[in-house]
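Worksheet: the structure to be examined is printed underneath.
The values are calculated or read from the model by the stated rules, or taken from the named source; none is laboratory data. Values in this document were obtained by computation on a predicted structure and should not be read as measured data. Cβ atoms come from the backbone with ideal geometry, glycine included; neighbour counts cover every protein chain shown.
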Amino acid sequence: MTNEAQWQHITAQLPLWLAKSRSEAQHGRPASYIPELAHAPADALGAVILSADGRKLEAGDSSYVFTLQSISKVFTLLLALMDQGEERVFRKVGMEPTGDDFNSMLKLELVEPGIPFNPLINAGAITVTSLIAGQTPTERTSRVLAFFRELTGDPALTYNETVYASEKATAHRNRSLAYFLKDNDVLDADVEETLDVYFKHCSIEADCSHLARLALVLALNGKDPHTGRELVPRRYVQIAKSFMITCGMYNASGEFAIQVGLPAKSGVAGGILALVPGRYGIGVVGPALNDKGNSVAGVHLLRTMSEAMDWSIF
Ligand code: GLN
């Protein structure tokens, strides 16, 4: 199929694929361990696809606004790499999938050295957040927000105060992970200050268009889709995409690689960012999650699209 024929096909099929996937939401539930996320509409499902040649397609609840949660971890990793370089970042965090839940602390004590296995599990992402340059937590948060605004082209992007406060008040597990990292000398920065920046970047509000735009920048190896300017060095995007394949869907990353075959990152508010290298940036949201913390309907939709369009990179 030519690019044009592909686009015509996706345009015709997306509403049908979405309608079929929406009913899958009944097999999941919105996250509730962050109390504010429990109010999300369980059967919402939206998608946006942006093409490298500037076209946009949207379907379903594509303007539903949610928080990035773990999707933000890909970009805080990029920022930390841009601030510190590869060598310093990977002194503090590993490069391997865990096979455990995203908020597990099991392996931190089981294996030596006690650095987190990868930057996309919570322990790794909290460590990465501590590596973002800035004199104060406020400055670090501002730099994260500025980075997201630059990548999305949306100067109004910001975090949701209510979700942030909800997570901060209930984050006993993340707090224990962070204190453990501090005790192991993995975290050099102050625990509460680091967590504050982490909760804020997890609470950044976005819709499917924002996700698709972030995904398209990665699909274009760090280039601005409009101007072609380099926003992120290609090498760092390569690192981020490798982690998305091996760890992006938590401990369901292997299954997702087989069934969908695209670099992707999910968040517990139901968002999934996925990309077709060089061609498409995709944003999907469906708040009902499976037991691994991934959007049930969102994964179903990505699988349907990838199979129909033969998008798997493998
Ligand atoms: N803020 C969430 C947490 O730390 C992010 C987790 C996620 O999306 N998997 O628990």
Every residue in the stretch 55-70 that is crowded, with 24+ Cβ neighbours inside 10 Å, touching a helix residue (DSSP H, G or I) at 6+ places or on another chain (Cβ under 7 Å) and hydrophobic (A, V, I, L, M, F, W, C), please. 68
Show the residue pairs that are 6+ apart or on different chains and have beta-carbon atoms under 6 Å apart, the first residue being within the stretch 29-40 and more than 11 Å from residue 293 (Cα to Cα), the second being part of a loop (DSSP other than H, G, I, E, B). 37/30; 37/31; 37/269; 38/30; 38/32; 40/30; 40/287
Any residue in the stretch 257-272 that's more than 10 Å from residue 283 (Cα to Cα) and small (Gly, Ala, Ser): show its pairings with residues that are part of a loop (DSSP other than H, G, I, E, B) and more than 16 Å from the ligand (Cβ to nearest atom) at Cβ separation under 8 Å, as long as the two are six or more apart or on different chains. 257/314; 261/311; 261/312; 261/313; 261/314; 270/44
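Can you confirm whether residue 161 is away from the ligand (no atom under 13 Å from the Cβ) and either free of Cβ contacts under 8 Å to residues at least 12 places away in the same chain or over 20 Å from residue 120 (Cα atoms) (or both)? Let's see the steps before the verdict.
On the way: away from the ligand (no atom under 13 Å from the Cβ): yes; either free of Cβ contacts under 8 Å to residues at least 12 places away in the same chain or over 20 Å from residue 120 (Cα atoms) (or both): yes.
Yes; evaluated as a whole, the condition is true for this residue.
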For residue 36: the one exception among (1) under 26 Å from residue 151 (Cα atoms); (2) out of contact with any Leu (no Cβ under 8 Å at 6 or more places or on another chain); (3) crowded, with 17+ Cβ neighbours inside 10 Å: (1)
One residue from 5, 52 being surrounded by 14 or more Cβ atoms within 10 Å (Cβ to Cβ) and aliphatic (A, V, I, L, M): 52
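Could you list, in sequence order, the residues of the stretch 1-18 that are farther than 30 Å from residue 202 by Cβ and either touching a residue at least 40 places away in the same chain (Cβ under 8 Å) or within 16 Å of the ligand (Cβ to nearest atom) (or both)?
First, the residues of the stretch 1-18 that are farther than 30 Å from residue 202 by Cβ: 1-13, 15-16.
Result: 3, 6, 7, 9, 10, 11, 13, 15.
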Is it true that some residue in the stretch 274-281 is more than 16 Å from the chain's Cα centre (by Cα) and in a helix (DSSP H, G or I)? no
Considering only the stretch 141-148, I want to know if a residue exists there that is surrounded by 14 or more Cβ atoms within 10 Å (Cβ to Cβ), more than 20 Å from the chain's Cα centre (by Cα) and touching a residue at least 12 places away in the same chain (Cβ under 8 Å). no
Determine the pairs where a residue that is more than 13 Å from residue 239 (Cβ to Cβ), located within the stretch 80-108, has a partner that is in a helix (DSSP H, G or I) and of a type in the set (Lys, Arg) with Cβ atoms under 7 Å apart, the partner being 6 or more residues away or on another chain. 98/107; 100/107; 103/173
All-but-one check, residue 196 against (1) touching a residue at least 40 places away in the same chain (Cβ under 8 Å); (2) assigned to a loop (DSSP other than H, G, I, E, B), failing number (2)
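Under the condition of being closer than 25 Å to residue 2 by Cα and within 14 Å of the ligand (Cβ to nearest atom), which residue from the stretch 264-303 is surrounded by the most Cβ atoms within 10 Å (Cβ to Cβ)? Talk me through it step by step, then tell me what you get.
Within the stretch 264-303, the subset closer than 25 Å to residue 2 by Cα is 264, 273-284, 301-303.
Imposing the further condition that a residue be within 14 Å of the ligand (Cβ to nearest atom) reduces the set to 264, 273.
Numbers: 264: 28, 273: 30.
In this case the residue turns out to be 273.
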Can you tell me which condition residue 250 does not meet? The list is (1) modelled with pLDDT of 95 or more; (2) of a type outside the set (Val, Ile, Thr); (3) crowded, with 24+ Cβ neighbours inside 10 Å, and all the others hold. (1)
